[in-house]
Amino acid sequence: MSTVGKVIRCKAAVLWEPHKPFVIEDIEVAPPKAHEVRIKMVATGVCRSDDHVVSGTLITPLPAVLGHEGAGIVESIGEGVTCVKPGDKVIPLFSPQCGKCRICKHPESNFCCQNDSLEKPQGTLRDGTSRFSCKGKPIHNFISTSTFSQYTVVDDIAVAKIDGASPLDKVCLIGCGFSTGYGSAVKVAKVTPGSTCAVFGLGGVGLSVIIGCKVAGASRIIAVDINKDKFAKAKELGATECINPKDYSKPIHEVLQEMTDGGVDFSFEVIGHLDTMTSALLSCHAACGVSIIVGVPPNAKSLSVNPMLLLLGRTWKGAIFGGLKSKDSVPKLVTDFMAKKFPLDPLITHVLPFEKINEAFDLLRAGKSIRTVLTF
Ligand code: CND
Ligand code: ZN
Ligand code: ZN
């Protein structure tokens, strides 16, 4: 029986308040309005940014359906939608691309003005409401995506159609972790052949930075993590050396400066801590180094930095979604994955049924998983 135009009752993982487990609830998902798309989710990865909401590091209105690294199939479309049709395989875009705003028209930038991330999240679709409700109460969206639900509704500027032959339980990682890391290396840093790189944090995003550094031709890729269990996978994906700050009595930036004749060419902070953001900055060469912030910093926290650190020539930058224009890049990355230009399988350490979402977060918090893919 067709569900088009009807309210769908289905399961979603609702986060009612911070510091609490997700609750699998029966929710109602209203049909898509004009310029909206309703998607049947097939798979979703679990990213640390979702956990940042649970821990209170990242603030978004609650209760909400979180999740921003998913893939699914279009169930129905609202009036005026032309970019996808029912049956298409798609990836929701937490960093949308409206194509019309100042940033979408900017040749380099990607953080579309229609985003609902980070700065002042409303937790809604563009019309200021959500299509989710539970027990008669509206449930918020999360950064235009809300993939922890059997069905979600997104704005048409926040969805990309992908290759119909692609495996959704793998390419869901292109919705965040892979693209964010890979783009940070190839697009934001513009890693050069023969260069030396240091990557702080070897989760799904940091390992994807390593993949990007390798594809860009870096000759040394130094992986940094306090969990040595992450080193084998980092080496498999292209790290040439792995170091654990806990093994040294001096600060890790001094160790890296000594290892690399004064500092690396490119450093990446892929953890989300203020102290490692400073360490990564100091690890790149004072006159020619480029340091990229990828990790999401704790809400409303600031760093105090001596401007002399930049005056000599360092560059310090950051980006959302690897600096990639999402609607343009996601289908291309899926095509590149299908052409075996980069791997995703090594990033997926666990696959669990969606109902086991709390187990997936426990694995992440315990440092035992890279990416868990939840399947619906
Ligand atoms: P995940 O938690 O899997 O990896 C972080 C890694 O950092 C782990 O291996 C830790 O052991 C390691 N670590 C923790 N503390 C330290 C330390 N002091 N020194 C060295 N290593 C340490 O996280 P993830 O890979 O899913 O995400 C990484 C960050 O990227 C996180 O902050 C997330 O919120 C952020 C992010 C950013 C964006 C974006 O668009 N910029 C998108 N998604 C996620
Ligand atoms: Zn993410
Ligand atoms: Zn835009």
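Looking at 123, 194 in this structure, which one is closer than 29 Å to residue 86 by Cα, touching a Ser or Thr at 6+ places or on another chain (Cβ under 6 Å) and assigned to a loop (DSSP other than H, G, I, E, B)?
123
Can you say whether residue 296 is of a type in the set (A, V, I, L, M) and assigned to a helix (DSSP H, G or I), as far as the supplied structure shows?
no
Tell me which residues, restricted to the stretch 332-376, are aliphatic (A, V, I, L, M) and more than 19 Å from the chain's Cα centre (by Cα).
Residues satisfying the conditions are 338, 339, 352, 366.
Quickly run through the stretch 35-67 and pick out the residues that are of a type in the set (Ser, Thr, Tyr), within 19 Å of residue 132 (Cβ to Cβ) and outside any loop (DSSP other than H, G, I, E, B).
44
When the stretch 308-331 is examined, which residues are found to be surrounded by fewer than 18 Cβ atoms within 10 Å (Cβ to Cβ), away from ligand 1 (no atom under 16 Å from the Cβ) and either closer than 17 Å to residue 185 by Cα or within 14 Å of the chain's Cα centre (by Cα) (or both)?
Once the filter is applied, which keeps residues that are surrounded by fewer than 18 Cβ atoms within 10 Å (Cβ to Cβ), away from ligand 1 (no atom under 16 Å from the Cβ) and either closer than 17 Å to residue 185 by Cα or within 14 Å of the chain's Cα centre (by Cα) (or both), the stretch 308-331 yields only 315.
Determine the pairs where a residue that is within 16 Å of ligand 3 (Cβ to nearest atom), located within the stretch 32-56, has a partner that is at pLDDT 95 or above and of a type outside the set (S, T, N, Q) with Cβ atoms under 7 Å apart, the partner being 6 or more residues away or on another chain.
Filtered contacts from the stretch 32-56: 35/78; 35/80; 35/81; 35/155; 35/156.
Can you find, within the stretch 115-135, the residue that is modelled with the highest pLDDT among those that are surrounded by 19 or more Cβ atoms within 10 Å (Cβ to Cβ) and within 15 Å of ligand 3 (Cβ to nearest atom)?
Result: 126.
Mind counting the residues in the stretch 193-206 that are surrounded by fewer than 24 Cβ atoms within 10 Å (Cβ to Cβ) and touching a strand residue (DSSP E or B) at 6+ places or on another chain (Cβ under 8 Å)?
Here the count works out to 1.
Among the residues of the stretch 68-116, which ones are of a type in the set (Gly, Ala, Ser) and either assigned to a loop (DSSP other than H, G, I, E, B) or at positive phi (or both)?
Across the stretch 68-116, the qualifying residues are 78, 80, 87, 95, 99, 109.
In this structure, does residue 224 turn out to be crowded, with 24+ Cβ neighbours inside 10 Å, within 13 Å of ligand 1 (Cβ to nearest atom) and over 27 Å from residue 326 (Cα atoms)?
Spelling it out, residue 224 is indeed crowded, with 24+ Cβ neighbours inside 10 Å, within 13 Å of ligand 1 (Cβ to nearest atom) and over 27 Å from residue 326 (Cα atoms).
Using the structure shown, decide if residue 109 is more than 16 Å from ligand 2 (Cβ to nearest atom), farther than 18 Å from residue 141 by Cα and buried (at least 21 other Cβ atoms within 10 Å of the Cβ).
It is false that residue 109 is more than 16 Å from ligand 2 (Cβ to nearest atom), farther than 18 Å from residue 141 by Cα and buried (at least 21 other Cβ atoms within 10 Å of the Cβ).
Quick one: is residue 280 part of a helix (DSSP H, G or I) and crowded, with 20+ Cβ neighbours inside 10 Å?
yes
Mind checking which pairs have a first residue in the stretch 91-115 that is over 13 Å from residue 322 (Cα atoms) and a second that is basic (Lys, Arg) and more than 6 Å from ligand 3 (Cβ to nearest atom), Cβ under 7 Å, 6 or more apart or different chains?
97/325; 97/327; 113/102; 114/126
Kindly indicate the residue of the stretch 148-186 that is in a loop (DSSP other than H, G, I, E, B) and more than 11 Å from ligand 2 (Cβ to nearest atom) and also nearest to residue 60 (Cα to Cα) among those meeting that condition.
If we take residues in the stretch 148-186 being in a loop (DSSP other than H, G, I, E, B) and more than 11 Å from ligand 2 (Cβ to nearest atom), then 148 is nearest to residue 60 (Cα to Cα).
Would you pick out the residues in the stretch 239-262 that are surrounded by fewer than 24 Cβ atoms within 10 Å (Cβ to Cβ) and either assigned to a loop (DSSP other than H, G, I, E, B) or of a type in the set (Gly, Ala, Ser) (or both)?
Answer for the stretch 239-262, where residues must be surrounded by fewer than 24 Cβ atoms within 10 Å (Cβ to Cβ) and either assigned to a loop (DSSP other than H, G, I, E, B) or of a type in the set (Gly, Ala, Ser) (or both): 240, 244, 248, 249, 250, 251, 260, 261, 262.
Give me the residue from the stretch 24-79 that is among the hydroxyl-bearing types (Ser, Thr, Tyr) and touching a Ser or Thr at 6+ places or on another chain (Cβ under 8 Å) and, out of that set, surrounded by the most Cβ atoms within 10 Å (Cβ to Cβ).
Here the residue is 44.
State which residue is surrounded by the fewest Cβ atoms within 10 Å (Cβ to Cβ) when the search covers only the stretch 350-364 and only residues that are farther than 7 Å from residue 374 by Cβ and aliphatic (A, V, I, L, M).
351
The values are calculated or read from the model by the stated rules, or taken from the named source; none is laboratory data. These figures come from a predicted structure and were not determined experimentally. Cβ atoms come from the backbone with ideal geometry, glycine included; neighbour counts cover every protein chain shown.
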